[in-house]
Every structure is written in C-alpha cells, then in structure tokens.
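The values are calculated or read from the model by the stated rules, or taken from the named source; none is laboratory data. Predicted, not measured: the structure shown is a model, and the values here were computed from it. FYI the Cβ positions are ideal-geometry reconstructions off the backbone, even for glycines, and counts take in every protein chain you see.
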Amino acid sequence: MIHRHTWFLVILTVSVLPRLAAAADAIEPVKVPGLVRGIKVLPDKAPDCTSLKSIVESVTRGCKTNDEKAIAIYNFMRLTHYHRAYPSEAGGIPVLKEINCYGWSLCGGLHAEQSALWRELGWKWRFVGWPGHTTVEAFYDGRWHYLDVFLKFYAWMPDPNHPSGRTIAGEDDLAANPQELLLDAFVEDPARKVFYAKGNEFTMFGDKANWQAPTFLVCGDDLAGMIPTLKQRNRVGAEPGWGGINHSDGGYSAEINLAPGFGLTSTWDKSEGAWYWSGFSIAPCHTCGDKEIRNSPEKGPIAEPYLGPNWSCESYANGQLTFRPDFTHPATIQSFASIENVKLSDGALIPIDPTKPARVTIQLKSPYIMTQGKGTVDGIDSCEVSLDHGKTWKRAELKDFGAVIGGQVQALIRLTLQKPIRQLELQATVQNNPFALPYLSPGKNTIAVSVADAAALGDNKLVVTYAYRTGSRRKSYEQLYLEGKEIARGHDASWEEAPTVVQKVFKASELPAQFDIDIPTPRGKYPVYPRMVFVRREVVAPNQKPLPLPADASPPQLSPGDELKTLPNPLLAGTQPPTPRVVRPTKTVQIELRPSHFVTRSGEVPTSDMLKWPKTKQEAVEPIAFLVGGDLKNLPSLKDLSAARLIVPVVRSHEKAPTRIGITTLKGAFVAGQSFNFDLLGDPLSTTIVPSLPANEPAWSPPKEFKIDVTRQVRSLILGEATFHGFGLRVVPDRSVDDGWTVRVHLPKQPRIVLEVESFENSK
C-alpha cells in the first residue's frame, strides 16, 4: 500500500504556462515613487527563499557532491512542506509562490517543486507515475536518481565509480533489485514507527547517540507495500509542472518592497480563520499530525519549539502588512501609488481644491497572500479597492475589506477625502509558510541586511526587528535515546514565555549591513532552536517611531554561565555516511512471565484461544485480548540495556491474510480469570506481523515464536516512569498488512511467554 492519504490525490497534467504568463503581462503594475525595493533580511543559517536560485544556493552550502545537493534540497522540501490536498489558483501556482505562501501539497505538486529546484542546478528530471502516486527523478552523474518528498524516501546503492562508493538509486534500480536495495537495506523502528537505513539508525554509536540518522516513511507508509506499485511505474506528465503547480514565475516575485510608512511583519503563528485555500472550507493542516516532526532530524529540531496545544500539526502562519504614513514629513507623499488634488500641510493630508474630488491610492503588496484587511482613518468620504492595478474599482468598507482582497498578493486601496486627514492606518493580514521564513538558530547568527538600491531610502530609515523565545533542553540526545523518547517532541525542553527582541535601525549610507544575534544555552543544558515570534521590516520617516514591540519584550541578555552551543544543520542530515558503529558484546537472559487469560471488551471471559479485533468501530466483532503478568526483577541499568523483546508463541493465524499483533502496557492491575476494563488496556506500542496459514495446513507445532520489541516500555520501567501492571496482547488491524480482513491468531492452550532482555556486558 502507498500512502494512506491518497484519497486526496488528483493526477492530472495541467497546461497553464501560456495563460499564466498572459494574465501577468496583461496589466502594467502600478509604480510607487518612494518604494524601497529588494529588502532582504537573511540569517546565515537559514534558507534564502526570495528566488528558486537563492534557495538552491543557500540550502546546498557545504555540499561537495551532487548526491549531497539532492539530499539538501530534499530536506528543504521536507522542512517547508506537509501533506494536504493541493492548493489551487486560477491559472496555476508558481513554485516560488507555493513555497512562500502555502507550504502544503500532494505528491505531484511537491515533486513539481522539487524538480524546479533541480532545474536551478542544471539537472534534467522526469515524472514517473505509480498507481495512486506521482514521483520524480533527477538526472545527474550520468544516471537517474529517485528522492520522494511525499513518501519521505530515498535509497542508496553501491557505485564503484563514485568517490564515496555509493549513490542514490533510481526507480529502475529499486524495481530491479528490491530485496537488496529496499527490504534488506532498511529496518523499521517499531516504537517510533519510522524506517532507518540499516547501519544508520537512531541508536548509540559508542557513547554518542546517532540522532541525525535520516528517517524514512515517517507518515505511516509501508516499505514492502512500495514494491508492487513501484514495479507498475510509467512515464507521465510534462516537465514544466504538475497538479497546477508549475515552474513559471507567473509574474510572482518574493521580493519585499516597502515605501515609507510601510511595515511587513512575518510571524510563525496563525490567527484563527486567517487562511486562504481556494475551494476549501477547512483550515490547512498536516493530515499526519506531528508524526513527521517527532522523529525527524531533517525538520524536527526547527519545528519542535512550535508543538503545543494550539499547534498539534503543521499549518499556515500569518503576518501583517501595515501602512502608517507620517504626514509630518514631505517624503510621505511618495508612499502613495497616486494622488489627486491633495497635499501635505501642517501634519495633515488635505484637499488642494475643496470643490473637487481629492483622492489617494495606496498599494498593498508583499510576497504573501492577503487574507484579511482593515483600516482606520479620522475621516474619508469613500473607500474603493482594485485588484487589476486600477483598471476597475469596487466599493468597500475601510473597517473591513478582507473579503475583497482575500487570495491576492497585491491590491490598490483608493480613499476619497473631503477634509484633512491626520492619521491613517491600513493593515492586511497575510498568509506565509512559517518554515520558509528567515529563522534563527542556536548559537551565533549573522544577519545580512540589504536593499536593491540604498539611495532609494533617502532620508528614511530601514528598521529590522527580530522577536524570539530562547529555550534549552535538560537532557542530551543520548539520554533521550536511553529513555526511548523522540528527538523532537519537546521532551525535557522548555522555552521562555517572554520574547527577546533585537531591533536595528539603518540609514541608507549603512547598507548593506550585518549584525549578530546570539542565541545562548545555559551552562549544563543542551541547545534547542528558538521559538520564533516574528521578523519585521519597516521603512520609517526620519522622525517616525517604528511599530510597537510586545509589552513583555526584553533585549538579549547573556548570563555568565551561558554558552553559544550549536546544532548541526538539519538541511544536511543524511549527506554524510554515519560514523562506524562500535560493536559491544551483549548477553541475553529470558525472564519468565505469567500468562493469564483472554478478556473481552464486554466483560465476558471467553474460553477461546483466539485474539481478534474489529477492523472498524462499526464492525460487530467482539475484541478479544490476552493478559500477561509477572515480576520484572533484576532488569539491567538503563545504560546497560541493549534491547528487550516479548516472545509470543502462535499455533495458527488467519488463512486469508497476515495479521499484525501488538503489545500494550496495562494502565491498571488485573485479577486472573476475571473481566478487565478495556480503558486500562492501553494502545499498542510495538507490533509484529504473523504470516497467514492456509486452512488446509496443520497448526504450527511446536508453536511458532514471534518477537515483539518492548525496549521502550522496559526503559520506562527502569526509569520509574511507569508501574508494571502487565502486558496486553491484541490484534492491530492494518489494511496495508491484512488487506481489510478481520484477522486473528490462535495461542497455545498454555502459552509460554517470556521477556528476552539483551544487555551490554561491559558498559562504558
């Protein structure tokens, strides 16, 4: 089975490029006299998302081979995107716009974007269709290579002609040799429910945790299920794009251009209802929740600070484009797109001839899609909005014109006045992709600030403001591993409630410029990425105050015990082979457990020897589980524990399909032979698959033994985080395994169930 969310998928080829270009060129954009163009604020460790070229150049810094560049681009796509039905716009969405404004798509759209980034490297690409899935391959170093940002997957193969002795395999390679390159090359971590390349797992390599091991198929796809669909592949699509997402720029620009009085605040937070998704009535959100973040070194460390009650899955984020003209300064008049019969006088905007219409037109434009709009003014006659650069106009209410501008990256607001105006403020809420913003990293950050033409700033000033919340972790990745915790779920980590703010003011003569922001880690603790609040760019008149800061904000403070610790660049995760693993001798002991009895949800104690579970909540099948008790004594220390497995004997399985069985840790005690509250059964934490057994074949004798990894549960017991009440054994319905059958397994009449504990003989 390919991805569980393929019901979203629409496979189509869209020919939109001519229409898109024609629409963009049909109307000449308005020119604002005082516009400061090409404002760029870029930390040295963040991707530069102002163009496809700048993305590729920034994310591949430090890469030496084409394989490394391909992985870095793949990691960038994983960082900035998540699974959700395609965004859509009339005429299609340019790749650069999708990256900056949306950040979600399905397979064809994601791979159209990935191929557009490959194009910047001069690589060829080709779309390949599977049943229910669209992939793309890159051609470099004389062969095709397959990297799937939807499934989160790529595979290595031997290459004696490559300096590293390996290269990323193509789909033809995988289809020709699935056993060696897929089944034998990857291992599933049953506790974390992700796959790792064999030999490059999240485990201890000597005294260090290999926490940067790339994760694969993190949203629930099955490795074995890839093979039959991969073998049905065929060439599809057109090179310029897929699913309405295309390589053409469509007239879109990610440049930030601001006139005096304008400010653009980009945030990592969302406002309720302030999203745009044409044709949908639900807010965009990763269909897989936070699964990808929790165990992913490619995006987890950057995304981890945002997980919480209001951020359980990746979604949209918002910013604000504001206009607050300073009517006391004559240059402010150049901030308007056009003026008619008005002038500045005595700190006010006034009609020149009171008998004639007096109008000003303001251009609202940024790289981001507008979703809401409002304004306040001390007196106007009317408000009109144009979405076609002034060709046509529509009346609107200044206090709420969001319905008119929703889904646009630019609009003109025309105000007609009959009396002096001393105060005016417009605000458009915009939708931005939070992980395409210029984030800060732990340690030292060097921020480069530039504009296309510093002279355009004149006597005005450029103000750059960063707001963020510092944090730290109390435990190392080694400790997280030993305790069976995910690397990026906020375990043992915290972030300050009050934001730290850094604000810099630049004159024209000072640009381009650089400044540093240090993100400290308290001594004795471990670094995490800061929780970004906002980055703001403003052009202000000489005596104009910048936009207000958060009331609880404070400047950066470095305590004597603070250190500038860093973390490896997540975008380069997987580019280098892992450090050779230190093999430590182990010993294995078996702890006899006490098999008890079968229980049902209804409370009746069955006499059957069968485990079964309904495949849906509606199915009229009584769930039957089996309870196991015992005493877990003489467990090794946490640092000495290598692995723990529950050995379960089975005499017969379902005749039509394999069965996935799982282990739960009971949340409460049970009494042998009595009913059990299924609310205390717990969820399956680890599973294994029992193959089918045809009805005409004899039962397994002796019983076939199946091992289920329970290392994570045993670690929790050693830590004292849990009390051992026993294990529960049950069937776990899984269509990718059982093909929708109501499967079951039979246990022996008196099953021997043991806990197999593997520990290191010589701990270091």
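Quick notes on this structure:
- Residue satisfying condition, being within 34 Å of the chain's Cα centre (by Cα) and crowded, with 19+ Cβ neighbours inside 10 Å, within set 719, 755, 681: 681
- Where strands (runs of 3 or more DSSP E) fall entirely within region 428-536, those with at least 1 residues that are under 21 Å from the mean Cα position of the chain (by Cα) and buried (at least 16 other Cβ atoms within 10 Å of the Cβ) are at 461-469, 471-473, 493-495.
- Residue 580 meets all of the listed conditions (1) farther than 28 Å from residue 73 by Cβ; (2) loosely packed, with under 12 Cβ neighbours inside 10 Å; (3) not β-branched (Val, Ile, Thr) but one, namely (1).
- Checking residue 551 against (1) in a loop (DSSP other than H, G, I, E, B); (2) within 30 Å of residue 761 (Cα to Cα); (3) among the aliphatic types (A, V, I, L, M), the condition it does not meet: (2)
- Candidates 231, 198, 208: the one that is surrounded by fewer than 17 Cβ atoms within 10 Å (Cβ to Cβ) and under 25 Å from the mean Cα position of the chain (by Cα) is 198.
- Single match in 716, 701, 675 (criterion: within 22 Å of residue 621 (Cα to Cα) and in contact (Cβ under 8 Å) with a residue 24 or more places away in the chain): 675
- Filtered by the rule that a residue be of a type in the set (Gly, Ala, Ser) and outside any loop (DSSP other than H, G, I, E, B), region 645-657 gives a lone residue, 653.
- Looking across region 275-299, the residues that are surrounded by fewer than 20 Cβ atoms within 10 Å (Cβ to Cβ) and within 15 Å of residue 101 (Cα to Cα) come down to 278, 283, 285.
- Residues located in region 610-644, provided they are of a type in the set (S, T, N, Q) and either part of a loop (DSSP other than H, G, I, E, B) or at pLDDT 90 or above (or both): 616, 618, 634, 637
- Residue satisfying condition, being assigned to a loop (DSSP other than H, G, I, E, B), modelled with pLDDT under 95 and crowded, with 20+ Cβ neighbours inside 10 Å, within set 47, 87: 87
- Remark: residue 641 falls outside the filter, which requires a residue to be of a type in the set (A, V, I, L, M), over 32 Å from the mean Cα position of the chain (by Cα) and within 17 Å of residue 596 (Cα to Cα).
- Output for region 511-530, where each listed residue is over 13 Å from residue 43 (Cα atoms) and either in contact with a Ser or Thr (Cβ under 8 Å, 6 or more places away or on another chain) or not charged (D, E, K, R) (or both): 511, 512, 520, 521, 522, 524, 525, 526, 527, 528, 529, 530
- Scanning region 475-511 for residues that are β-branched (Val, Ile, Thr) and either at pLDDT below 95 or touching a Phe, Trp or Tyr at 6+ places or on another chain (Cβ under 9 Å) (or both) yields 487, 500, 501, 502.
- In region 188-212, the residues that are more than 18 Å from residue 151 (Cβ to Cβ) reach residues that are among the charged types (D, E, K, R) and part of a strand (DSSP E or B) with C-beta atoms within less than 8 angstrom, at least six apart or across chains, in these pairs: 190/709; 191/709; 201/189; 202/189.
- Boolean, residue 214 is closer than 30 Å to residue 584 by Cβ, touching a Gly at 6+ places or on another chain (Cβ under 6 Å) and either surrounded by 18 or more Cβ atoms within 10 Å (Cβ to Cβ) or of a type in the set (A, V, I, L, M) (or both): yes
- Within region 720-747, the set of residues being in a helix (DSSP H, G or I) and touching an Asp or Glu at 6+ places or on another chain (Cβ under 6 Å) comprises 736 only.
Table: residues versus (1) of a type in the set (S, T, N, Q); (2) in the same structural domain as residue 103 (by TED's automatic domain parsing); (3) in a loop (DSSP other than H, G, I, E, B).
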| residue | (1), (2), (3) |
| --- | --- |
| 349 | no, no, no |
| 355 | yes, no, yes |
| 361 | yes, no, no |
| 373 | no, no, no |
| 380 | no, no, yes |
| 408 | yes, no, yes |
| 416 | yes, no, no |
| 426 | no, no, no |
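- Matching residues in region 117-161 - criterion: being closer than 16 Å to residue 237 by Cα and either more than 24 Å from the chain's Cα centre (by Cα) or surrounded by fewer than 16 Cβ atoms within 10 Å (Cβ to Cβ) (or both): 124, 125, 126, 128, 129, 130, 131, 132
- Enumeration of residues in region 234-247 that are more than 11 Å from residue 98 (Cα to Cα) and buried (at least 22 other Cβ atoms within 10 Å of the Cβ): 237, 241, 242, 243
- Residue ID - modelled with the lowest pLDDT, chosen from residues in region 265-298 that are under 30 Å from residue 68 (Cα atoms) and hydroxyl-bearing (Ser, Thr, Tyr): 287
- Residue list for region 382-406, filter: touching a residue at least 12 places away in the same chain (Cβ under 8 Å) and either among the polar types (S, T, N, Q) or part of a strand (DSSP E or B) (or both): 382, 383, 384, 385, 386, 395, 397, 400
- The strands (runs of 3 or more DSSP E) located wholly in region 106-154 that include 2 or more residues which are within 18 Å of residue 68 (Cβ to Cβ) occupy 133-140, 143-146.
- In region 658-712, the residues that are within 20 Å of residue 735 (Cβ to Cβ), polar (S, T, N, Q) and part of a loop (DSSP other than H, G, I, E, B): 692
- Strands (runs of 3 or more DSSP E) fully within region 160-275 that include at least 1 residues being basic (Lys, Arg): 166-168, 234-236.
- When residues of region 545-577 are limited to those that are among the aliphatic types (A, V, I, L, M) and exposed (fewer than 12 other Cβ atoms within 10 Å of the Cβ), the one farthest from residue 463 (Cα to Cα): 558
- Members of region 300-317 found to be buried (at least 22 other Cβ atoms within 10 Å of the Cβ) and either in contact with a Phe, Trp or Tyr (Cβ under 8 Å, 6 or more places away or on another chain) or among the hydroxyl-bearing types (Ser, Thr, Tyr) (or both), listed by number: 301, 302, 303, 304, 305, 306, 314, 316, 317
- Close Cβ contacts (under 6 Å, 6 or more residues apart or on different chains) running from residues in region 58-69 that are in contact (Cβ under 8 Å) with a residue 12 or more places away in the chain to residues that are part of a helix (DSSP H, G or I) and not β-branched (Val, Ile, Thr) comprise 59/72; 59/76; 59/571; 60/69; 60/72; 63/69; 63/72.
- Neighbours by Cβ (under 8 Å, 6+ apart or cross-chain): first from region 516-532, farther than 17 Å from residue 439 by Cβ; second in a strand (DSSP E or B) and not acidic (Asp, Glu): 522/472; 525/472; 525/473; 526/472; 526/473
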